[in-house]
Amino acid sequence: MTRNWIASAAQFDCKLGNPAANLATIIRLINEAADRGANLIALPEMALAGYGFQDREHARPFAQSIPGPATDEVAVVCKSRNVYAVFGLIESAEDKLFNSAALVGPNGLVGRYRKVHMPCVGADWFLDQGDRPFEVFDLEGLKLGINICFDSSFPEAIRSLAILGAD
């Protein structure tokens, strides 16, 4: 049976360098969207740490692995509410830092996306360019592709996801 999808976009003023406060807001917004019937919730780019860091060294302490503490906490909420959520964070992977989006659902981490098109502004100025191919995730019949902000300015990114079967 195919699930009926209600998507919600949740925007908030991310607190730069305060992942604990931002995670609390992410969880609150997921719950509020679920209360309104949403079962797919999209949250801001770099929602966990904020975007306006001045350099890589100031951003590094706020980076997390995927999976990691934030995806684990969001997974608990997604399981309890039977929803999916996409949220942005600075992902640490070995010696690299990426502007990433984590996709989490009722069964935990579904996948991640690393931003490919890096404008010369904000944290993108010094983060690493995404190094993974575009991917489509199957969410109970919904084929979801992820881009982050500036990626959507390039038709090739969207076209690649469409070719891969994204809805």
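Multiply the residue separation of S153 and E94 by 0.36 nm, subtract the distance between their alpha-carbon atoms, and state the gained length in nm to one decimal. List each step's numbers first, then the result.
Numbers: separation 59, 0.36 × 59 = 21.24 nm, distance 2.89 nm.
Taking 0.36 nm per residue and subtracting the Cα distance, the gain is 18.3 nm.
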quick shape note, region 97-167: Cα extents on principal axes in Å, largest first -> 37, 27, 16
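Projected area of region 1-70, taken from the Cα convex hull and averaged over every viewing direction, in nm²? If you can, show how the numbers build up before the last one.
On the way: hull surface 22.7 nm².
Taking the Cα atoms of region 1-70, their convex hull projects to 5.7 nm² on average.
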Carbon plus sulfur, as percent of the 1.4 Å-probe accessible area of the chain, comes to 53
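For the full complex of protein chains and a 1.4 angstrom probe, list H58, H117 by accessible area with the highest value first. Walk me through the numbers before you get to the answer.
Numbers: H58 90, H117 45 Å².
Result, largest first: H58, H117.
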With the 8 Å Cα cutoff and a minimum separation of six or more residues, the chain has a relative contact order in percent of 18
Listed by chain and number, the residues whose amide H is under 5 Å from that of I41, excluding neighbours fewer than 5 places away on the same chain and using placed H, are S8, Y84, A85, V86
Whole-Hz Karplus couplings 3J(HN,Hα) for region 14-21, θ = phi - 60° and coefficients 6.51, -1.76, 1.60, Gly and Pro as x, run 5, 8, 4, x, 10, x, 5, 5
extent check for region 36-87: Cα max minus min per principal axis, descending, whole Å, gives 39, 19, 11
Going residue by residue through region 59-65, the Karplus relation 6.51 cos²θ - 1.76 cosθ + 1.60 with θ = phi - 60° gives ³J(HN,Hα) values, rounded to whole Hz and with x marking Gly or Pro, of 7, 3, x, 9, 7, 9, 7
Result for region 18-74: accessible area per residue, probe 1.4 angstrom, in square angstrom, of 43
Expected unfolding gain across E135-D167 under the 0.36 nm per residue rule, minus the alpha-carbon gap, is 10.3 nm
Computed curve, the chain, Cα-only Debye sum without solvent term, log₁₀ I(q)/I(0) at 0.14, 0.15 Å⁻¹, is -0.68, -0.79
The lysines whose Cα lies under 26 Å from the Cα of K143, excluding any fewer than 8 residues away in the same chain, are K79, K115
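The values are calculated or read from the model by the stated rules, or taken from the named source; none is laboratory data. Since we're looking at a predicted model, the values are computed, not measured. The accessibility values were calculated without ligands, DNA or RNA, using every heavy atom of the protein model including side chains. Shrake-Rupley method; radii C 1.70, N 1.55, O 1.52, S 1.80 Å.
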